[in-house]
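*Asks:* Take a look at this one; I'll ask things after.
The values are calculated or read from the model by the stated rules, or taken from the named source; none is laboratory data. Given the structure is predicted, the values throughout are model-derived calculations rather than measurements. Please note: Cβ atoms are built from the backbone with ideal geometry, for glycine as well, and neighbour counts cover all protein chains shown. In case anyone asks, the SASA skips ligands and DNA or RNA and just uses the protein heavy atoms, side chains included. Shrake-Rupley method; radii C 1.70, N 1.55, O 1.52, S 1.80 Å.
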Amino acid sequence: MFVPLSRPDISTLEKRYVTEVLESGQLSLGPKLREFEQRCASLAQKKYAAAVNSGTSALHLAVKILGLKEGDEVITTPYSFIASSNCLLYERVKPVFIDIDEHTLNMDAEKLEDAITEKTKAILVVHVFGQPADMERIGRIAKKYQLKVIEDACEAIGAKWDGQPAGSFGDVSVFAFYPNKQITTGEGGVLMTDDEAGYRAACSYRNQGRSDSGNWLEHVRIGYNYRMSDLQAAVGLAQIERLNELLERRERAAERYKQYIREYEVEVDLPKVSARAHMSWFVFVVMLPETANRQEVMRLLSENGIQTRPYFPSIHLQPAYRALFGYKPGDLPVCEKQSERTLAIPFYPGIGEEEQKYVIRHLKKAVERSKSR
Ligand SMILES: *Cc1c(COP(=O)(O)O)cnc(C)c1O
């Protein structure tokens, strides 16, 4: 049996919307893009949304429209996909990492205040694996120190904290649509904000710095080509209309995994979900016992056709970050310890009971065998 790590779920609706765009003759900056953006804004309860060609681009523009620049510091988490920190480096802003909570794997809000300096301008919070960070507490600290909040909700569309949707908390918030995310556009991202000037600047930046005068060859700032095409927006619109269905199927798959892990008595831990969080299941991550050898577990699973990935390596220990900032093992011990034992196993809306049982049976065997070597 082959069980992939993830697989997008595409229905006839996506195909219909893409065909509509193809037949309309307007493949960029058309009505599907605007419709998709409106759906994103309303999900995040924000006034404005600007869709772009990736989540990384959306994060980059978030940094730009908040006016962050060289000399500024932004507090963020080392346990994330690297884009949440790279977006700061594009503008020569310094990421300041604080350690994570060992149970939720999110930024440990307890450690926030100690990291604030004169140079701190913002907090970039990530809702890792679809569980929101403690936005009540982070928001309170941001307010107290007059810091902006960038909300990287790339893994958390549809999640909630205290009943409020992910994406609604940041001064600028971001969703992403790579094929392994809860919904996809192939490649894509979107930023949401209530700030009209910031929104207009983002639309200009994504479109070669054009003004909204309508003059196609007037460039009022140095921009980028970060546009999302209407073909991508058409896929996204269909996916967002199906969001609840897709999230429910992901949730059912996660519940089955938890049940099989109990039934088969597999020696793994799971990240804990706060009672205040409503999870949007992005990936299914298990925490291996410290005595197991993750490399060996992955190899044994792979031999049986089961794809896995060691989400996430500590960002501060990536070679590029060590070279830039001189980080070394031991700097952020909780993040380092957990990142050495977390492993994402196959997870997507269409995964079935048989595949999941197969994965869990082999996971149990692999963990046991890797320990006895
Ligand atoms: C997916 C993701 C992004 C954006 O990724 P792209 O591949 O550029 O769309 C950013 N941050 C996090 C935490 C992510 O998981």
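*Asks:* Check H60 against each of (1) away from the ligand (no atom under 12 Å from the Cβ); (2) in a helix (DSSP H, G or I); (3) over 13 Å from I123 (Cα atoms) and name the one condition it does not meet.
*Replies:* The failed condition is (1).
*Asks:* Does E73 satisfy being touching a His at 6+ places or on another chain (Cβ under 9 Å), touching a residue at least 12 places away in the same chain (Cβ under 8 Å) and not hydrophobic (A, V, I, L, M, F, W, C)?
*Replies:* no
*Asks:* Just for strands (runs of 3 or more DSSP E) wholly inside region 128-225: which have at least 3 residues that are buried (at least 18 other Cβ atoms within 10 Å of the Cβ) and of a type in the set (A, V, I, L, M)?
*Replies:* 172-176, 189-193
*Asks:* If you don't mind, there's one more thing I want to ask. Give the number of residues within region 73-96 that are more than 17 Å from the chain's Cα centre (by Cα) and either of a type in the set (S, T, Y) or open to solvent by 10 Å² or more (accessible area, probe 1.4 Å) (or both).
*Replies:* Of the residues in region 73-96, 7 are more than 17 Å from the chain's Cα centre (by Cα) and either of a type in the set (S, T, Y) or open to solvent by 10 Å² or more (accessible area, probe 1.4 Å) (or both).
*Asks:* Go over the candidates E368, E265 one by one and state the one that is farther than 24 Å from A156 by Cβ, among the acidic types (D, E) and out of contact with any helix residue (DSSP H, G or I) (no Cβ under 8 Å at 6 or more places or on another chain).
*Replies:* Exactly one residue qualifies, and that residue is E368.
*Asks:* So E187 clears everything in (1) within 16 Å of the ligand (Cβ to nearest atom); (2) farther than 20 Å from H60 by Cβ except one condition, right? Which one?
*Replies:* The single condition E187 does not satisfy is (2).
*Asks:* Mind listing whichever residues of region 29-57 are surrounded by 21 or more Cβ atoms within 10 Å (Cβ to Cβ), assigned to a loop (DSSP other than H, G, I, E, B) and of a type in the set (S, T, N, Q)?
*Replies:* Matches in region 29-57: N53 only.
*Asks:* Spot the failing condition for R221; the list is (1) over 26 Å from G186 (Cβ atoms); (2) within 20 Å of the chain's Cα centre (by Cα); (3) basic (K, R), and only one is missed.
*Replies:* So R221 meets the others, but not (2).
*Asks:* Does region 349-368 contain at least one residue that is surrounded by 15 or more Cβ atoms within 10 Å (Cβ to Cβ) and assigned to a loop (DSSP other than H, G, I, E, B)?
*Replies:* Yes: region 349-368 contains one or more residues that are surrounded by 15 or more Cβ atoms within 10 Å (Cβ to Cβ) and assigned to a loop (DSSP other than H, G, I, E, B).
*Asks:* With the requirement that a residue be within 13 Å of the ligand (Cβ to nearest atom) and among the charged types (D, E, K, R), what does region 144-184 give you?
*Replies:* E151, D152, E155, K181
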